[in-house]
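So the structure is just underneath, and the comments pick up after that.
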Amino acid sequence: LPEYLDDYAATGVATKTCQIEEAPRVLVIQLMRFSYTATGHSLKLTKECSIPDRLCITKETLVPGHPSSSAGSGGVEYDLLATISHHGHSLQNGHYTASVKDHQTGDWFHCDDEDIRVQSQSHSHTGLKSSDVYLVIYRKV
């Protein structure tokens, strides 16, 4: 991702822009779920966030000249493929689980070590809100 400083002024005020040169087939987004104190200790951030089933990378986010940034194009669309969650209170301990979608059947599977099971309808990822998800994986449509 190229980074640019827009409208840089002598005052040192600037904005940062990131654009995608080439939209990947699989998009992995890491949510910053930890912060550090002044003494260097880590804290887990547990603010709930919404994770959409479909993600659209708008043409403004793509580098000009990208095929999906042309006039009339809405950008690049992705479907939610998987989430990875951290259960615990700090970086030093916890447990990881994953939820993975079977694109052929549409079923979601919850993976917890060797225990893999189909998630019930109540665990649908439509409008998923979570305070434990820290990796979100999307597949290009």
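At a glance:
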{"read-out": "Solvent-accessible surface (1.4 angstrom probe) belonging to residue 117, in square angstrom, nearest 10", "value": "110 Å²"}
{"read-out": "Length added when fully stretched, residue 37-residue 103, from 0.36 nm per residue minus Cα-Cα", "value": "19.6 nm"}
{"read-out": "Rounded to the nearest 10 Å², the accessible area of residue 48 at probe 1.4 Å", "value": "110 Å²"}
{"read-out": "Candidate lysines for bridging to residue 16, where Cα separation is under 22 Å - those fewer than 8 sequence places away on the same chain excluded", "value": "59"}
{"read-out": "Probe 1.4 Å - accessible area at residue 135, Å² to nearest ten", "value": "30 Å²"}
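The values are calculated or read from the model by the stated rules, or taken from the named source; none is laboratory data. Just so you know, these numbers come straight off a predicted model, no measurement behind them. Remember, those area values only see protein heavy atoms, side chains included, never the ligands or the DNA or RNA. Shrake-Rupley method; radii C 1.70, N 1.55, O 1.52, S 1.80 Å.
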